[in-house]
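Below: the structure, in structure tokens.
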């Protein structure tokens, strides 16, 4: 890794966007699900009254047809649900040309699924061709983010874009047009920190970028060759004394950076080689990393070090872990549904597997892409073609429900969003809102 090439500059400190004017009352901000895996990227919601069961006829409030497929997750702010899709190329094998690819950003009413606005974005650079593993997730895999003032979308080689809440384009910034050695395309989602949009553009430029939210100008950037095969979304985690770290796993290492400057503060070697797809999970003391190929595993590192902390801060490594999905941490335990459809529970303090339960998910190959999230001690894990598994966040396996929409046979690759008593999920064809039934479901026309 070229640690000496990591560069950074001081950020201009502004008030966090969550303190900005918004159309919702501040008491309702907790309802928002503004980025990948929720408010702080931990995949945990304070919601108490979410439905555990749904189908085409049970607890389905509405579903809205989408203009194309996508593996990005929906986000929620106030009365709006926002999601991305793509069309023109890569929807069907051998159909279209890369130059015809378009991304779509949709804003939908959370009340009834009506499309409030949508923007189609032409490709600014030719993406990798639709073959190999890119066919598993497509060209809209990056979940957008919002602070209630703007929506930020990452569209691979087309760059990072900002729109206002009515869909007006505000800026567009390129973060590279390279290709990873595997030609799998982009996957990491943008996250928000203070006045910055932070993006892991490992596939496009082997670089993490921090862009000014108001202008799109580069605040800092940090380059490292190992980002080439790091597909995970970083997180900004707070530790003791309100110390914040930007955390990310790359092949062979786990990194802790200063999120204000991009400077690499500490790193620890790990056995997680090959491509790293899951995001990391953290508490105030430790960070947990997962992935690797051909041997998938996991590792834990004590946070807040300086320089190479492998000998002092590496707590444990294990030969079990998810290949693609990101786990969730609940107290003493890590939970995930792995890509082969096995429900897993690991003791966070030791890396010991507590259980690994096969759920007999239908399909072939990678059965699960979406990570697990949690609310009210219930875990929500979306499988690609076998429905959403709801199971108990406890060290003894218990399946609560398995929910499918029999009318939709397309893939479900995205993490659910949990907000305001509802579960929002998307397939390659529809965006869904599920909540305790109060009226008949509504299907909105295109």
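When DSSP beta bridges are restricted to pairs lying wholly in region 234-319, around 95% turn out antiparallel. Taking other C-beta atoms within 10 angstrom as a stand-in for reagent exposure, 397, 154 fall in the order 397, 154, fewest first. Within the chain, DSSP assigns beta bridges of which about 95% are antiparallel (rounded to the nearest 5). For region 277-427, with equal point scatterers placed on the C-alpha atoms only and solvent neglected, what are the log10 I(q)/I(0) values from the Debye formula at q = 0.11, 0.12, 0.19 1/Å, to two decimals? Debye output, listed in q order: -0.42, -0.49, -1.14. Per residue, the chain reaches -500 deg cm²/dmol at 222 nm when only DSSP H runs of four or more residues are counted, each adding -39500 (n - 2.57).
Shape verdict for the chain, please, from the Cα gyration tensor: rounded (a/c under 1.5), prolate (a/b greater than b/c) or oblate. Rounded shape, in that the Cα axes give a/c under 1.5.
The relative contact order of the chain comes to 18 percent, based on Cα pairs under 8 Å that sit 6 or more residues apart.
When each of 316, 184, 77 is scored by the number of other beta-carbon atoms lying within 10 Å, the sequence from fewest to most is 316, 184, 77. Counting neighbouring Cβ atoms within 10 Å and putting the fewest first, the residues 389, 382 line up as 389, 382. Under the classification rounded if a/c is under 1.5, otherwise prolate if a/b is larger than b/c and oblate if not, where does region 234-319 fall, given a ≥ b ≥ c as square roots of the Cα gyration tensor eigenvalues? Verdict is prolate for region 234-319.
Taking a ≥ b ≥ c as the square roots of the eigenvalues of the Cα gyration tensor, region 69-222 is oblate, since a/c reaches 1.5 or more and a/b is not larger than b/c. When both region 377-428 and region 342-361 are represented by their alpha-carbon centers, they are found 18 Å apart.
What is the distance in Å between the Cα centres of region 92-106 and region 282-332? Between the Cα centres of region 92-106 and region 282-332 lies a distance of 37 Å. Short-range pairs are left out: with C-alpha atoms under 8 Å and at least six residues apart, the relative contact order of region 69-222 is 17 percent.
Bear in mind that the values in this text are calculations on the coordinates, not laboratory data. Predicted model, so just to flag it, every value in this text is computed and none were measured. Note that each Cβ is placed from the backbone with ideal geometry, even for glycine, and that neighbours are counted across all protein chains shown.
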